[in-house]
Structures are given as C-alpha cells and as structure tokens.
Amino acid sequence: ETGYFTYDPGFTATASCQSAISYIDGDKGVLLHRGYPIDELAEHSDYMEVCYLLLNGELPTAEQKAGFVDTVTRHTMLHDQMNYFFRGFRRDAHPMAIMVGVVGAMSAFYHDSTDVDDPHQRMVASYRLVAKMPTIAAWAYKYSIGQPFIYPKNDLSYSERFLDMMFAVPAESYRVDPVLAKAMDRILILHADHEQNASTSTVRLAGSSGANPFACIAAGIASLWGPAHGGANEAVLRMLNEIGTVDRVDECVKRAKDKDDPFRLMGFGHRVYKNYDPRAKVMQQTCHEVLDQLGIKDDPLLEIAMKLEKVALEDDYFVDKKLYPNVDFYSGIILKAMGFPMEMFTVLFALARTVGWVAQWNEMIQDPHQKIGRPRQLYTGPAQHPYVPIHKRD
Ligand code: SDX
C-alpha cells in the first residue's frame, strides 16, 4: 500500500557526528567530559572551570582560569536596548518563551560576532553566550514578577552573580547564601553537556547551515523546552505535587505502567542510559545536603520522590525496561528549596547547557570536513501516480 517502505514504529533516526567533548556509556551509567568523570567534576571542580574544560579541551591552569573568568565577567551586561525587548512580552509569558526570543534577538544586537567563518567573532560570541545567559534568565524571571532588573555584579562569582540577579531587590540589602551558591554551581555542572541529546543535535543541525551562533542556541533552547527533554524537571515537580502523598505512590507507579494511562514517571528513563544516570546520583546526594543545610526536614516532595524511586526500581516493568532516575528526577526538589519557581527550572537547564551547546557548535564549525546536516528518511508514502483533475475525484 506504500511506494517503497512499510512504516516501522521501531525505526529511530540517529544524527551521527564525531565529537571529543563528552562520552556516555549508557549501560554502565558513565558520563565523561573531555575524559573526566562527571562525579569527580561535580565534587572537585566549579562551573567556570568546567566551561573552560568543555570549550578548550583541558582543565585550565590557575592563570588560564583567572583569565577565562575575567573575560566571561566582562561580558555579563546586556546591550541596554535589549531591556525594551523583554517588555514586548506579556508578564505571564513562560520564561522559556522569553529565553528563545531574547537569545535569538542577540543576533540583532551583537552582529559584530555573528560571522561563523571568523575565529575571533566565534570566540566573542561564545563568551557572550556563556556570560549573558544568567542575566537574560534572571531578567526573564524579574520581568515575570514585575520587579526591576538587577544588574550583574562583577565582584561576585558566576553562580553568586546569577542568584543575586534572581533574588536581590533594590530596596533591601541581599547577601548570597554560600550554601545556595555552591548548590547552584554543582547543578550547573551536572547540566553542562550531554553528548548528542535532542537540543545539542538541534544546535549542530542549525549551525551546519552556517546560521549565526545566537540563532543556533535559540533553536537549542526551543528544543530543550519539551517535557520529554529539559522540560522534564518542571514536569517532575508537577508530577510529585499531583501524587501528593507517599500513600499514593504505589497507585501512580501502577498508572505509569498502563499504556492507556497518559501518566508517565517524569524524571525516569533515558534514550541512552539503561542504568542509573550518574548525574542523578550526584543530584540526589546534593538534594539531601542542601535541604539539610537549609534546615528543611522531612520535605514531603523528597519523601515522595524517594518512595517513588524505591518502588519503581523494585518493579519488574521498570527493571525490565531499564528505566532509572535521570538528571531531572531530583533537580526540581532542590531548585524549589532554593526559591526558584517551577517555570524557571528549564531556564536553569538552558543556562547550564549553553556552554555545552557552544562547545559542540564550535567543534562542528571548526571541523574542516563538516557539511550541512541533511538527515534522510525511509519513504512510506504512495508510489508515483498521475494527477487527477478535480472533476474526476470522487
Ligand atoms: C533529558 O538525551 C539526553 O541526553 C537528554 C538529557 C540531557 O542531559 O540532555 O539527559 C536530559 O532529557 C533527560 C530525560 C528527561 N525526560 C523525562 O524524564 C521524561 C520521562 N521519560 C520519558 O519520557 C522517556 O524515558 C524518554 C523520553 C526520556 C525516553 O523515551 P523513550 O525513547 O521511549 O525511552 P525508551 O525507548 O528507552 O523506552 C523504553 C520503554 C518504552 O516502552 P515500550 O514502548 O518498550 O513498551 O520504556 C517506556 C517506553 O514507553 N518508558 C516509560 C518511561 N520512559 C520510557 N514508561 C513509563 N515512564 C517513563 N518515564
């Protein structure tokens, strides 16, 4: 009944590319960034150092790190006219919609760093994206709650500066809690890069046509937004709130196994990991540490999540399908405890992942053999046949 191929529901397209940035062993639950295990980076490094590693291929010396941080710090401000760009949105616009719009608009404000064939312009665009994402993210939040924008304070660290722009208000003095700054930095590390996931593949495909880097990153943000991808962290919290109490966990795990029930365990499963996502392990440990340091005892959402994980990992459906918690399962609980609204969770994922997108974009652009991405298909439509005039159609 078709022309050439019969539809195959099991067919999955794999955009293939070569990359030296991140490595995942899905069966063993291993993630390396330029060869360094993610749990060691989360334990011993900081986000700026991981950014340098992803962009440059090696951990920096103290001098290299200081120079990198200094350059990023000097790019944190936005072109003042971008202020007005935010004001074009409704106050209730989802901050991810603002991120897609404002980051895409950067190509109009920073057109002196859009020539992808110019190594200097590529470098400036890379610095601008890593440096300005926290400002754009924080201002998207401030705009949504009707508070004035807080300008970046360049005497603060990357994570401190972001938290200050998020939560400071002009009328009061605000000091960033070091517990929150450390947790923020670790969460950013855990989301920095992840091989050829949907949004990174989107950035690579957009970049392969020679589109400017700001437009490519905006495309990546759009792809990340989906609940099956970066939007899962927001969806996990909505799920935990829907479950409501630990007593309802068993019933909900049962629903998640029912193909006819739309209820899915968000934060569970992964295209590549068929073992525990190594980031989820660190995230769970960080969750306990942060709640403890913030004096939050018996957080009901954490209790539900822990029960959910226990029940699912003892259930044949999840064991047989190798469904384990992924990076999104615990992150929302920490972010909520830190004061972030759910709508900002995926924005934080995009903020953290920008360095991974930029590193992968640079790697693709600098590959002398790279060509425009052009995935092919298996055609399952009708065979060729002649045009039928409308008066002869029944
Ligand atoms: C991220 O790719 C990346 O690296 C992404 C990411 C990154 O850092 O960039 O790691 C970030 O996106 C993590 C994933 C966040 N998404 C969620 O947590 C949403 C909930 N998870 C699912 O929707 C799902 O697991 C996906 C989308 C992540 C993967 O879906 P697939 O491709 O269907 O997974 P699969 O092929 O391994 O599924 C095997 C089976 C399927 O059942 P069958 O068709 O074989 O009968 O398991 C089922 C799936 O339907 N399944 C689930 C499930 N996830 C998969 N059943 C119930 N609950 C789930 N969460």
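The values are calculated or read from the model by the stated rules, or taken from the named source; none is laboratory data. Since we're looking at a predicted model, the values are computed, not measured. Using ideal geometry, Cβ is built from the backbone for each residue, glycine included, and neighbour counts are taken over all protein chains shown. When the accessible area is computed, the model is the full protein with side chains, heavy atoms only, and any ligands, DNA or RNA have been set aside. Shrake-Rupley method; radii C 1.70, N 1.55, O 1.52, S 1.80 Å.
Structural remarks
- Note on region 83-96: residues that are open to solvent by less than 40 Å² (accessible area, probe 1.4 Å) and more than 16 Å from M165 (Cα to Cα) amount to 2.
- Candidate set from region 295-311 (those that are of a type outside the set (D, E) and under 25 Å from the mean Cα position of the chain (by Cα)); member that is nearest to M342 (Cα to Cα): L301
- Qualifying residue in region 261-278 (condition: of a type outside the set (F, W, Y), in a helix (DSSP H, G or I) and either under 20 Å from the mean Cα position of the chain (by Cα) or at pLDDT 95 or above (or both)): yes
- Enumeration of residues in region 31-48 that are open to solvent by less than 90 Å² (accessible area, probe 1.4 Å) and away from the ligand (no atom under 13 Å from the Cβ): L32, R34, G35, Y36, P37, D39, L41, A42, S45, D46, Y47, M48
- Taken together, the residues in region 48-81 that are modelled with pLDDT under 95 and within 23 Å of the chain's Cα centre (by Cα) amount to 0.
- Candidate set from region 332-366 (those that are of a type outside the set (A, V, I, L, M) and over 30 Å from A211 (Cβ atoms)); member that is nearest to the ligand (Cβ to nearest atom): G332
- Filtering region 134-172 to residues that are in contact (Cβ under 8 Å) with a residue 60 or more places away in the chain, assigned to a loop (DSSP other than H, G, I, E, B) and farther than 15 Å from V72 by Cβ leaves F149, Y151.
- Criterion: touching a residue at least 24 places away in the same chain (Cβ under 8 Å) and surrounded by 19 or more Cβ atoms within 10 Å (Cβ to Cβ) - qualifying residue of C51, C17: C51
- Where a residue in region 199-223 is closer than 23 Å to D112 by Cα and its partner, wherever it lies, is assigned to a loop (DSSP other than H, G, I, E, B) and among the acidic types (D, E), with Cβ under 9 Å and at least six apart: G210/D117; N212/D115
So that you can scan it fast, the table gives a plain yes or no per residue for (1) touching a strand residue (DSSP E or B) at 6+ places or on another chain (Cβ under 9 Å); (2) more than 16 Å from the ligand (Cβ to nearest atom); (3) open to solvent by 30 Å² or more (accessible area, probe 1.4 Å); (4) closer than 15 Å to A350 by Cα:
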residue: M165; (1), (2), (3), (4): no, yes, no, no
residue: S173; (1), (2), (3), (4): no, yes, yes, no
residue: D177; (1), (2), (3), (4): no, yes, yes, no
residue: H191; (1), (2), (3), (4): no, no, no, yes
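- Members of region 255-274 found to be of a type outside the set (G, A, S) and closer than 18 Å to L308 by Cβ, listed by number: R255, K257, D258, D261, P262, F263, R264, L265, M266, F268, H270, Y273
For (1) more than 9 Å from the ligand (Cβ to nearest atom); (2) surrounded by fewer than 16 Cβ atoms within 10 Å (Cβ to Cβ); (3) touching a residue at least 12 places away in the same chain (Cβ under 8 Å), each residue gets a yes or a no:
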| position | (1), (2), (3) |
| --- | --- |
| N233 | no, no, yes |
| N241 | yes, yes, yes |
| V249 | yes, no, yes |
| D260 | yes, yes, no |
| G267 | no, no, yes |
| R279 | no, no, yes |
